[in-house]
Every structure is written in structure tokens, then in C-alpha cells.
Amino acid sequence: MNDDVRNIVLGLIAAGLSAAIGWLARTYLWKRRLRRKQAFFGLPQNSETLLVVNRDPATSEPAVHRFDVFALLELAALIKDCGAHAQMVTQDGVQQGFGDRTEFCVGGPGSNRRMVAHMSAMLPGVRVNIDPEPGPDRGAFQIGGERYRMDPGVEEYVLLARLTAGERRESRPVFLFCGQRAITNQAATRYLARHHERLARKHGGNAFVLLLKVVNSQAYGPDLVELVAEVTRAARAPLPTAALEPRASGASPRPSHRAES
């Protein structure tokens, strides 16, 4: 074997080793990111999860708003990426506790009974005005001592929460998407899909509650979302005495102000 042939053979071997090392490194990084994603969502390979569907309060027949359908599609893609399986159930068809498998619950308390139960059990510091009568406080959030009103199509709010049952290490999380309108539910699921890695780095396996603001949805749809604040402490503590005033039809107290983001 002359020097030219030897150099060619050595070059091919070096190229093959470099390609193999590069492939192994990419595979390792991909698997590590997948494991972190599965841990954050509580979705190990081949696990089962619940997708709890709300109902469109604007119709008398059982129906799901199209923006809530889009939200469910966003979540279904996340679940599939983790290698898990989803079971879709209606908001009045779930009769079981939480913590045994991951749950994604979509819709505010006016359209989702399951959301009412979760908020009562895990978010005592949150009240949502579900009074059907028009008014400035319709759909408003009361979080601790702060009030967040919506201006439909211009400025709307949604809560994105990751909660767990007690202190059990093996407890699977519950994700809540509680918006003032259906389009804000989709905005929250899209925000989670885009920022889950950052949220996992910041919060790990801990519970969190984020207040998001959807800006100018009539022009930008669910894409323009701002983080107003992390409200975990206020949402999980009982409401201040001053906020516990008489309410009609589950509505939050009438006097209010708009908190600035």
C-alpha cells in the first residue's frame, strides 16, 4: 500500500469516526431533552394522560369552541412527542381524583366543572366572575387582592398552572388552562408548548401558577402573549378577608381595579 492509498484509507476512517461520534452526541442530547420533557409533563414513555374537554357556554347543545379544539390539538402534539397516550373526556365525565396520571384541563369555571373542582381544591386564592350578565366585571379574575378585567379582543387574561397532589414524589401533575375566553385557552397551551424548557429549568417539578395576558387577539389571535406575573403564592393562599364579599352566580366582588402588567 503506497502513501496515497494509506492517506485515503485513514481519511475515510477519520470521517467515519467523526460522523459516528457526532451521531452519538446528537442522540444523547435528544434523549436527555426528551427525558427532561417527559419529567416536566409527568409523561414517561407509554404512559396514560387525561385531556379534559370543556363545553362551549354559548350553545345549548354539548359542543366545544373551535379555539378550545385548537388548544387540545396543541396538547395532543406535546403528549405524542413524549411517547404517551391521551384519553379525552368531557368536563362532566370525570369522576376520579388526580395525581395518578397527568391531566390537562382546558376552560374556565363557567364551562368546565372539573376546573371548578381543581380551583376549589388547589387555588383557593382565585375567583372568576362567571355572571352571564354583561358588565365591566364579567369574566374578571380576582387573585389575592388584585383584580384583572378583560377588554374582549384587546386585553384578556388566562391562568396557566402546573399543580401536584400533595407531596408525593410519584404524583403526576395537573395542568390548568383557565382563560377568560376560548382563544386565551389556546394562547396558554401555545405558550406552554413554546416555553416548557424554560419553565422546567426555573420550576423543576414544583407547582407554579402564571398569569398571562393575550394582547389584541382580534388582530393577532393567540400568538401575542405576555407574562404578567407568577402568582403561585397568592393563588394558593386563601383570599384576603376584604376580597370575600357577597357574590352572585359565582361572580367575584364588584368593586375592582385593573392591575398593570
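Annotations
- Note on region 73-92: residues that are touching a residue at least 60 places away in the same chain (Cβ under 8 Å) and in contact with a Leu (Cβ under 9 Å, 6 or more places away or on another chain) total 3.
- Matching residues, region 171-204, being of a type in the set (D, E, K, R), part of a helix (DSSP H, G or I) and in contact with a Lys or Arg (Cβ under 8 Å, 6 or more places away or on another chain): Glu197
- Which numbered condition Gly83 fails, given (1) under 16 Å from the mean Cα position of the chain (by Cα); (2) small (Gly, Ala, Ser); (3) surrounded by fewer than 24 Cβ atoms within 10 Å (Cβ to Cβ): (1)
- Residues being of a type in the set (Ser, Thr, Tyr) and free of Cβ contacts under 8 Å to residues at least 24 places away in the same chain - total across region 127-156: 0
- Within region 47-64, the residues that satisfy the criterion of being at pLDDT below 90 and either surrounded by fewer than 22 Cβ atoms within 10 Å (Cβ to Cβ) or among the basic types (Lys, Arg) (or both) are Arg55, Asp56, Pro57, Ala58, Thr59, Ser60, Glu61, Pro62, Ala63, Val64.
The values are calculated or read from the model by the stated rules, or taken from the named source; none is laboratory data. As the structure is a computational prediction, the values presented were derived from the model and not from experiment. Reconstructed Cβ throughout: ideal geometry from the backbone, glycine too, with neighbour counts over all protein chains shown.
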